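Heads up: the structure comes next, in structure tokens.
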Amino acid sequence: MNLPTPRILALLLLLTAPVACSNDEPADSTTGTAAQTANTSHADLDAFRKLARESNCADVRNHLFLIDNHIVFWDRESRCADAAYAQTLYDRKPGTVLCNNMDSIAGPQRSCNGDAPFINMFDTILKNLGAPDLGLGPGHTVTPIAF
């Protein structure tokens, strides 16, 4: 069978999509803005610890940070052929993704579902991954989460 190259590529992407999307995100992942998820509760740290501990692609780097008592930033890197890195900003629960930057079979992917302040925060964090305060400065509290 002699398919044109674009059809082969489309077929490969279709067949590998479940693998490329298995980027350690919960299957019931929902997105929302801060207004949709705002409440007085703190982040569900146990759920994030479990997510980080069970990640199958985090053998090089695997860090969780609590920001301002309700935002969680997860930074991971691995030797996996696909999904070799991901940085994700969450609001309170693993199912509430504000921004995500990751490797995939289709190449680098970035998306943000949060409001402008969270997008700006995510950009700052990505530029300052090695800084103890993730580049956020004294206006924010940043605490590593042990797991």
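Applying the criterion of at least 2 residues that are touching a helix residue (DSSP H, G or I) at 6+ places or on another chain (Cβ under 7 Å) to the strands (runs of 3 or more DSSP E) found wholly in the stretch 33-140 leaves 61-67, 71-77, 85-91, 96-102.
Could you look through the stretch 101-116, keep only residues that are under 22 Å from ASP44 (Cβ atoms) and in contact (Cβ under 8 Å) with a residue 40 or more places away in the chain, and pick out the one that is nearest to the chain's Cα centre (by Cα)? Ranking the candidates gives MET102 first. Taken as a whole, the condition of being touching a residue at least 12 places away in the same chain (Cβ under 8 Å), surrounded by 17 or more Cβ atoms within 10 Å (Cβ to Cβ) and under 19 Å from ARG49 (Cα atoms) applies to GLY95. Restricting attention to the stretch 112-147, the residues that are at pLDDT below 95 and in contact with a Phe, Trp or Tyr (Cβ under 6 Å, 6 or more places away or on another chain) total 0. Looking at LEU134, is it under 19 Å from ALA52 (Cβ atoms), buried (at least 19 other Cβ atoms within 10 Å of the Cβ) and in contact with a Leu (Cβ under 6 Å, 6 or more places away or on another chain)? Answer is no for this residue. With respect to the stated conditions, LYS127 is of a type in the set (Lys, Arg), without any contact (Cβ under 8 Å) to a residue 24 or more places away in the chain and either on the phi < 0 side of the Ramachandran plot or surrounded by fewer than 12 Cβ atoms within 10 Å (Cβ to Cβ) (or both). When each of ASP75, ASP59 is tested for being modelled with pLDDT of 90 or more, of a type in the set (D, E, K, R) and surrounded by fewer than 18 Cβ atoms within 10 Å (Cβ to Cβ), the lone residue that passes is ASP59. Residues in the stretch 78-100 that are more than 11 Å from the chain's Cα centre (by Cα), farther than 19 Å from THR141 by Cα and not aliphatic (A, V, I, L, M): SER78, ARG79, CYS80, ASP82.
The values are calculated or read from the model by the stated rules, or taken from the named source; none is laboratory data. Not measured: the values here are computed from a predicted model. Heads up, the Cβs are rebuilt from the backbone with ideal geometry, glycines too, and the neighbour counts pull from every protein chain shown.
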